[in-house]
1. Give the residues of the range 87-110 that are surrounded by 15 or more Cβ atoms within 10 Å (Cβ to Cβ) and either over 21 Å from E57 (Cα atoms) or outside the structural domain of S58 (by TED's automatic domain parsing) (or both), sorted by residue number.
2. Out of the range 229-243, which residues are more than 9 Å from the ligand (Cβ to nearest atom) and within 17 Å of L292 (Cβ to Cβ)?
3. Suppose we filter T280, T276, T247, T288 for residues that are among the hydroxyl-bearing types (S, T, Y), near the ligand (Cβ under 10 Å from one of its atoms) and either surrounded by fewer than 24 Cβ atoms within 10 Å (Cβ to Cβ) or part of a helix (DSSP H, G or I) (or both); which single one remains?
4. Conditions: (1) in contact with a Gly (Cβ under 7 Å, 6 or more places away or on another chain); (2) part of a helix (DSSP H, G or I); (3) away from the ligand (no atom under 11 Å from the Cβ); (4) hydrophobic (A, V, I, L, M, F, W, C). V226 meets all but one. Number of the miss?
5. Regarding I309, is this residue crowded, with 23+ Cβ neighbours inside 10 Å, closer than 30 Å to P448 by Cβ and more than 12 Å from the ligand (Cβ to nearest atom)?
6. Out of A241, A215, A252, report the one residue that is outside any helix (DSSP H, G or I) and crowded, with 23+ Cβ neighbours inside 10 Å.
7. Can you tell me which residue among A408, A343, A366 is out of contact with any His (no Cβ under 8 Å at 6 or more places or on another chain) and free of Cβ contacts under 8 Å to residues at least 60 places away in the same chain?
Amino acid sequence: MNFYKQAADILDRLGKKEGSIKGLTLGNAEVTDKKRMYAVICETLKHNTTLSLVLQESKLLTLEKKLTRSLALLLLHDLLLMSRGIQASDAWPMKQAVMRHKARLKAEFVRAKIKVGAKKDGLVEGEDELLLPRYVRVNLLMKTPQQVIDAFIVDGWTFLPSPPSPPAPPPANSFHLDEHLDFMLVFPPKSDLHLHPLYVSGVLILQDKASCFPAAILAPPKNSYVVDGCAAPGNKTSQLAMGLGNTGKIIACDLDLRRLNILKRLTTKAGCTNITALNTSFLTLDTTEPDLSKVTHILLDPSCSGSGIINRLDHLVDAYAEEQEQATILETTTTGGAAERAAAEEKKKERLLSLGEFQVECVSKAMTFPNVRKISYSTCSIYAEENEHVVTTLLKKHWPTWKLTPRAKVLPTWHRRGYPSEVCDIPGLVSTDEDRAKIADCVVRAVPGGPDGDLMNGFFVACFERVSKSSLPGLTPVWKGASIGGRKRAHEDEEADEADGETTTTTTTDTAASAMASTTTESSSPAKKKKKNKKSKKKKKKSNANSSETSDVAGGEVEASEDDNDDEE
Ligand SMILES: C[S@@+](CC[C@H](N)C(=O)[O-])C[C@H]1O[C@@H](n2cnc3c(N)ncnc32)[C@H](O)[C@@H]1O
């Protein structure tokens, strides 16, 4: 088959989520020049924003009916971005279909680059996954950061005593210790450590910085029983095991067996010995089972839109798939205009809302574990619908039994917090700008990319803790009396935890007291419980459907173990 036709077929299959880039190119027996195919597919996807705009503005697909969208993108890529141009015979009708419009297409390319703010080579910031530093977690179960630093110095790397200022990836052949996570080393973008003996032996774990936040914030003390509710492929699970020093027990649960098998392989390689992997839905766990009833800490990193992921090509596939879907809508309708776009926008909104409902359900389920004290909730999404809105809904449902952990214990030195404008009102609880600002200050955000972003994936983490019974009914929201930007070391011990719970809950308000009363009455009424169970069974079905719809998301967070998963393919 003609190279471009085969490449177009692969793009179409990627758009339909029929495989991964590597699987459909490097792992495809039908492709003869696998490396070239991989490169062409990656490059076309990376330039998709600009090339799609050229396609749209030039109306090429309307003028040349024989061209498909994917084939046109590939040919445009080579025409506009490769000095050698389209590598096909001049007699090939598809090449002719593009070359007829060469001058116009070049002019549209110049305009498109300006319009989307692309660089000279047509790349839009964030579409180049190589811009971000290579973050490496040192597996403390095996070596100390100092031992690893020494090993890299011996290898000829330069150790920088502090990160570059203003923040930027380290220059070539140098690395430094991360300023927020003391087990993390930061290397230049593109650093390939796959063959490094320390990676091969499980000492180095290639994990994005933001992806390390939830376990660092949850920080269960040694010997704890912990659940990782949506665990696969398991880098956060292995980080939890590292923090526990392999003591206690981690129950790692995931619906997807293939991903759970990756978790087993990765955590074994990382030397974790306290993990039990369960291939089941977190939502259906029986919290009265002996091990589960001992659980005090839960990490929840449920399926999300994955919209914050920028350092892998998978996010480009997601964007491409979404665009293909929209393009199909436009091409198959005669109006092809605003109405369809509005419908697509509506669909996206519905998807976010449905993800948000699933996320609320997951955290609410976590709050039913009889002995759970602390829950971290995280997404790799940039959307408030999955972040601040979810947190507000949870507070509305569960406060004052549950409160947000204050900034002092949630990466206090991390500058990027939640968006106050996205914190929703809760009658009687959150109504003023000050309330909103204080809630937002409790949670952590990471803005994807750079230089205005945080040089990592987009991320969000909130931490909830159960309000200790002894402090009731003298209750006030956690943020009352707290100062914004408080400073306290994130790695707390449980005693300090409890003490903080007490000290932040000393003033009574009528609203607070009544909110507490209604929560406790509801959960203790058996009749209501029965009704609730029925309702949640119905919901469970819905959320399981949800999670299978979000294979993009599942793929999204594979980022946590990107390279390990690549090995898998
Ligand atoms: C964002 S990923 C988790 C990434 C993981 N925490 C890590 O750091 O490697 C979300 C995971 O949730 C799983 N999932 C979705 N719905 C679930 C459910 N009801 N119960 C358990 N796992 C679920 C998906 O299969 C997917 O692996």
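1. A88, W92
2. L240
3. Exactly one of T280, T276, T247, T288 is among the hydroxyl-bearing types (S, T, Y), near the ligand (Cβ under 10 Å from one of its atoms) and either surrounded by fewer than 24 Cβ atoms within 10 Å (Cβ to Cβ) or part of a helix (DSSP H, G or I) (or both), namely T280.
4. With respect to (1) in contact with a Gly (Cβ under 7 Å, 6 or more places away or on another chain); (2) part of a helix (DSSP H, G or I); (3) away from the ligand (no atom under 11 Å from the Cβ); (4) hydrophobic (A, V, I, L, M, F, W, C), V226 is out only on (2).
5. So I309 does not fit the description; no.
6. Details: A241 fails: outside any helix (DSSP H, G or I); A215 fails: outside any helix (DSSP H, G or I).
Result: A252 is the single residue among A241, A215, A252 that is outside any helix (DSSP H, G or I) and crowded, with 23+ Cβ neighbours inside 10 Å.
7. Of the residues listed, the single one that is out of contact with any His (no Cβ under 8 Å at 6 or more places or on another chain) and free of Cβ contacts under 8 Å to residues at least 60 places away in the same chain is A343.
Residues are listed down the side, and each one gets a yes or a no for (1) closer than 19 Å to M367 by Cβ; (2) at pLDDT below 85:
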| residue | (1), (2) |
| --- | --- |
| A437 | no, no |
| C442 | yes, no |
| G449 | no, yes |
| S468 | yes, yes |
| A499 | no, yes |
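The values are calculated or read from the model by the stated rules, or taken from the named source; none is laboratory data. Predicted, not measured: the structure shown is a model, and the values here were computed from it. Positions of Cβ are backbone-derived with ideal geometry, glycine not excepted, and every protein chain shown enters the neighbour counts.
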